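Notes follow once the structure below has been shown.
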There are 4 protein chains.
Amino acid sequence: MRIGVLTGGGDCPGLNAVIRAAVLKGTDTYGFEFVGFRDGWKGPIEGLTTPLDRSVVEHILPVGGTILGSSRTNPVKMEGGVDAIRATMARLEIDALLAIGGEDTLGVATHLHSQGIKVVGAPKTIDNDLSATDYTFGFDTAVQIAVDACDRLATTGASHHRAMIVEVMGRHAGWIALHTGMAASAHVTLLPEQEYDADEVAATIAKVAERGEAPLVVISEGAIAAGGDVTHTGAELDAFGHVQLKGAGEALERILNEKLPDLATRVTVLGHLLRGGTPTAYDRILGTRSGLSAVTAIAEGNFGTMAALRGTEVVQVPLAEATGELKTVSQARIDELKHVSG
Amino acid sequence: MRIGVLTGGGDCPGLNAVIRAAVLKGTDTYGFEFVGFRDGWKGPIEGLTTPLDRSVVEHILPVGGTILGSSRTNPVKMEGGVDAIRATMARLEIDALLAIGGEDTLGVATHLHSQGIKVVGAPKTIDNDLSATDYTFGFDTAVQIAVDACDRLATTGASHHRAMIVEVMGRHAGWIALHTGMAASAHVTLLPEQEYDADEVAATIAKVAERGEAPLVVISEGAIAAGGDVTHTGAELDAFGHVQLKGAGEALERILNEKLPDLATRVTVLGHLLRGGTPTAYDRILGTRSGLSAVTAIAEGNFGTMAALRGTEVVQVPLAEATGELKTVSQARIDELKHVSG
Amino acid sequence: MRIGVLTGGGDCPGLNAVIRAAVLKGTDTYGFEFVGFRDGWKGPIEGLTTPLDRSVVEHILPVGGTILGSSRTNPVKMEGGVDAIRATMARLEIDALLAIGGEDTLGVATHLHSQGIKVVGAPKTIDNDLSATDYTFGFDTAVQIAVDACDRLATTGASHHRAMIVEVMGRHAGWIALHTGMAASAHVTLLPEQEYDADEVAATIAKVAERGEAPLVVISEGAIAAGGDVTHTGAELDAFGHVQLKGAGEALERILNEKLPDLATRVTVLGHLLRGGTPTAYDRILGTRSGLSAVTAIAEGNFGTMAALRGTEVVQVPLAEATGELKTVSQARIDELKHVSG
Amino acid sequence: MRIGVLTGGGDCPGLNAVIRAAVLKGTDTYGFEFVGFRDGWKGPIEGLTTPLDRSVVEHILPVGGTILGSSRTNPVKMEGGVDAIRATMARLEIDALLAIGGEDTLGVATHLHSQGIKVVGAPKTIDNDLSATDYTFGFDTAVQIAVDACDRLATTGASHHRAMIVEVMGRHAGWIALHTGMAASAHVTLLPEQEYDADEVAATIAKVAERGEAPLVVISEGAIAAGGDVTHTGAELDAFGHVQLKGAGEALERILNEKLPDLATRVTVLGHLLRGGTPTAYDRILGTRSGLSAVTAIAEGNFGTMAALRGTEVVQVPLAEATGELKTVSQARIDELKHVSG
């Protein structure tokens, strides 16, 4: 069998772990051959390939990002996209696809599967907002980077009696902020799941400052003040036509400067730092096990599935499960966080 | 209610997270008062206490080890130990205990519970070998430190065409080695769960070296060569009368030097490095959630239980579940690892 | 003798190293007593003190920021400031001051010395722009944090074929950008010392992108495009009335988006991250040796001097040397950098 | 001109920085061609080469070790070694050599230069014991790794009231121990430069333990107790016939166990960890500047020299200066350390 591999959507630490594990086990155990498709779905659409064998993947486990490149190209939304993929697969004698990506990428995979193309998925998102899996790789690394940053910012905040605001990724789901806030001893953590009450936030911060602490606030890029004019969501389109929210941290700073004029504040936007660099051990392992599970699914003809973490095990679940509904932070987790905040 | 808190056994990153979370929620939500017992069970036996309130725990989340100190004192194995604890509790008007520790500490807690003492546990071991919970805090940090070390050793190994042997903790269960080996792209990983075949290991290493790679071997301190004279288990007693295995890495080095005389080898024993320093975000969160769950159990009168990770949730399970049987690495996980080794 | 210690200006990693070393040697070798003044010059002006002895400084070497707090209060620029300091010193029977800070703080120290107050300084600035010393502590840590960030951003840039722009501190001197750019393999590094030619920068970036690399740009917050309308210097006043330049990175992004519309870009502003957290070993040592040198100067009556690094030695030089002229990046160092850029 | 590049002796972080900088500037500025020699002097002796151009060096700055490989082969000590090098250079039309290494490698370079071979050097040793340069690259990284390890070990030591002994590299010069001890707040630091008094060390450690601290000891692998039977110098020959001292840390542990039987101790031998992995920013910059200086020397015909750090500048000095005498730690630096120890 010949397998085409691609990575789509925003990159994240752990993608190379999946690629490496799939190639090593696929080659050694099943005798598969592999072809790398470059830049997400653009690869199979345009026939952009790169070699993929043991020598290529040997040292990529600690490397961040994806050696295959990525893009947000969506064959389902363009005319002839699916046919082009089918043609490329036929021309290169590729039997099946391993598609590693987030909601968009797996949505395409689901569609291709429904069109009779043999495809298996591996879920990826630093945002951890994919249903059907406990955690996605990339998330642990993102949280670790954010917590390291908060640890650093806490000491400079304390030296100057300033409130430090740290904005992290998370447009629709606040998992990164939730875990960062809990692990960094943040006094306030604001998520997209609930509009925040600006007065209440200011009161908490004032209370923290009064007892001599430097307030630390973690805020998701998608967090919005209740009743606010949402001026901070200066939504812009990036080069890919993707909406970029800008300014949740700065919006909060404006609010605090107004309500607590005596308190100096500083905003740090971590942004793309969170998706870069070498994966944590946790993400290397989750990525590796996902790759092993996915390639086994191909060998067993278990198409239309993706690798999912369930407790301590990685299992295959139907692709459709992952892409139905965004997994947001539950009220129970928010309550939990409140008990160690403030 | 007044709650006594203690940490027992080998320290590990995340202990302070439990203490902090229990004190914060216990104080704010339930109005509990807390007393810190020093140095494990020695504290309640001898009445060694230290204050424990918000101001004490405010900044301890990123701090490694335990602010309460630890010891391996076992009241069940000494005459009058349990009575002394009962007397201390009465004298200090302590209603219940929160005992954070590994198999020994929780075994004592189980016994105390059977004797009518109100006790709740939180499981801790960097070895991850406690049953009844998916993972224990401290483990993720230990693996991360080991993987960082392997990443470093890999480059010097490659520069000199040497085989690098990295010995990690794990006397009876090989979880640290399993995860380190998988996350560090080790060519060979040796666990206590299975005696290793020295010839087979040497053959794999020779094969790796022949294709121009610097072989990386991760070995548990408890891993033993099959049919060997076990000379490496130069078991020694430490100051606490605890058996210390020494030399799994060096034993393997001797074997390789004999079987592959042309290959230079270097052994690094990570030892106590793995249990030190600031916890990873993962362990801070698991520790925090364990502390929240445990203090809630106290408030609800749910004694004789301990906090356990099950999938994405932390729940209370009977203490007895944790201390029955050592959780060792399954054959399935070992097979998985083999697919990305060699 | 009783010595008052204070830290002024922006905090930076290594301040606690100075405090600790001065207190340890001062106490043990010279029998000095120490008093901590809180929040920079505000401390001696208002008589805000905190105890300072071995037990206080024992564990502060790895701690970022300053345990004494800081401020930008300037006694020379306020009426009666110097007299207030003199009065506090008399009241608390303080014989001499150890002032740790940057240009402003040391400028005050120089003035106080000229007024007959016994004072010794230790220079601090993450910007490394103080004359009279080879390097200042805090700088090495700042560069290391920036380089770690660039390493992370490089992998996500490569995965998406994006140009990554990293803005670092440095309003008037580009040392942090210079060292970060060199250590992070940046393709373009822009400093405040020279206005940059936007066309030339765009051409270099285009060339890098064409050979398949993801362009990495490091830019000082004070770097300005030649002939530009300087719209990016949206100078704002912070809570301390200090000018805050904003947007060097974003200004460059706008330029690139205009000149290279097909190239996606992402800006990361590292800001206060660079001054936070535990110091590198280098800064711990430089801080420690500065503290030792300064306290020896006090013991020897060598007032009006500050600790300066000269090659491998820390020596005392006249305070006035440090505060005369800003140390900017030389043309030779800029040329050097160009040879490994592009 | 065609330049051959080689790296010899023990690898260290920063070697790739030298290679990269020399190739980039040599190619772009001087139009040089480069040939990589593999495995130290073995490369030019046996004619083992590897391509070396911009594409090869583009991403190696953050990579530890050396992409060229290393060895301890010494052409001066083998028959016909120098002639073989001359022959290889003639056959491959190589005009000059860039030799990057420590005392042995630079000693060979000095000899070759005296024999009329055009050679320029760049000094490297994690031990920092080369004369004629303020610091060598690799040293800063080694110290940073050791300090990180000490920070971790300190928390587990404190939790268990144990003395932690950390053994670092340094057979004849104690620079790594000196800087590690100072940056890690070690209570005792033992160097090869001075035999230590076992009773005095035990007394200091006892004093530290009595005031409730967990003693931290940093010891060079070459440190020896005065009047001891030196049993710890179980000198062994490694695969390269190089003497390996073993056991300075364990020897001290035996001494402490005898003199302070109530104090538990743990030894960690950091060993090769110190020479592995990505270089610090400091070492990347020093390596880069060394490479730039060396290649400029070649272009200017300034042979028989090596790059040396002098204050803030990298300059070329005669090769012979570096290899005359070992640079050991001065009494002044030892005294300095004592003021922050104990």
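The table below gives the values:
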item	result
10 Å Cβ neighbours from other chains, averaged over peptide C:59-70	5
Shielding by partners - mean other protein chain Cβ count within 10 Å, residues of D:284-293	4
For chain B: rounded, prolate or oblate by the Cα gyration tensor [a/c cutoff 1.5]	prolate
Whole-Å semi-axes of the stretch C:155-216's equivalent ellipsoid (Cα gyration tensor)	21, 14, 8
Buried area at the B-A interface (accessible, heavy atoms, 1.4 Å probe, summed, Å²)	3500
Across the identical copies, how the C:Met1 labels are spaced - nm, sorted shortest first, 7 Å along Cα→Cβ	5.4, 5.8, 7.9
Solvent-accessible heavy-atom area per residue, rounded to whole Å², over the stretch A:67-114 at 1.4 Å	44
Most mobile listed residue (A:Ala122, A:Ala203, A:Ala22) in chain A, GNM with C-alpha springs under 10 Å	A:Ala203
Of all chain B residues, the one whose C-beta is nearest the axis that brings B onto A, in angstrom	B:Gly311, 2
Residue-averaged [θ]222 nm for chain C, counting only DSSP H segments that reach four residues, each worth -39500 (n - 2.57)	-12000 deg cm²/dmol
Pairs of Cα atoms farther than 67 Å apart, the protein assembly as shown, %	4
Partner chain coverage, peptide A:144-151 - average Cβ within 10 angstrom	6
Aspartates and glutamates with Cα under 12 Å of D:Lys338, excluding same-chain neighbours fewer than 8 positions away	C:Asp28
Value of relative contact order over the stretch B:121-188, rounded to a whole percent, pairs C-alpha under 8 Å and six or more apart	33
Surface accessible to a 1.4 Å probe, B:Arg38 within the full protein complex, Å²	100
Net +/- balance of residues flanking A:Gly102 in space, Cβ distance below 11 Å, scoring K and R +1, D and E -1	-3
Radius ratio Rg over Rh of the stretch D:140-275, counting only Cα atoms, Kirkwood formula for Rh	0.95
Local net charge near B:Lys25, Cβ-Cβ under 12 Å (Lys/Arg +1, Asp/Glu -1)	+1
Shielded residues, the stretch C:1-21 - accessible-area loss of 10 Å² or more between chain alone and all protein chains, probe 1.4 Å	C:Asp11, C:Arg20
For the stretch C:140-275: accessible area per residue (Å², 1.4 Å)	35
Three-way shape label, the stretch A:1-141, alpha-carbon gyration tensor, a/c 1.5	oblate
Relative contact order, percent, chain A [alpha-carbon distance under 8 Å, six or more residues apart]	23
Top of B:Phe32, B:Phe137, B:Phe303 by mean-square fluctuation, Gaussian network on chain B, Cα under 10 Å	B:Phe32
Heavy-atom accessible surface of the stretch D:78-182: percent carbon and sulfur, 1.4 Å	49
Most to least accessible of A:Ser159, A:Ser114 (protein chains only, probe 1.4 Å)	A:Ser114, A:Ser159
Choice from B:Glu33, B:Glu167, B:Glu258 showing the highest fluctuation, given a GNM over chain B with Cα pairs closer than 10 Å	B:Glu258
Cβ-defined net charge surrounding A:Gly291, 10 Å radius [Lys, Arg +1; Asp, Glu -1]	+3
Percentage relative contact order, the stretch A:140-275, counting C-alpha pairs under 8 Å, at least six apart	32
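The values are calculated or read from the model by the stated rules, or taken from the named source; none is laboratory data. Quick caveat, the model's predicted, so the values are computed rather than measured. Note: ideal-geometry Cβ built from the backbone for every residue, glycine included; neighbour counts use all protein chains shown. Note: accessible area is taken over every heavy atom of the protein model, side chains too, but ligands, DNA and RNA are not part of it. Shrake-Rupley method; radii C 1.70, N 1.55, O 1.52, S 1.80 Å.
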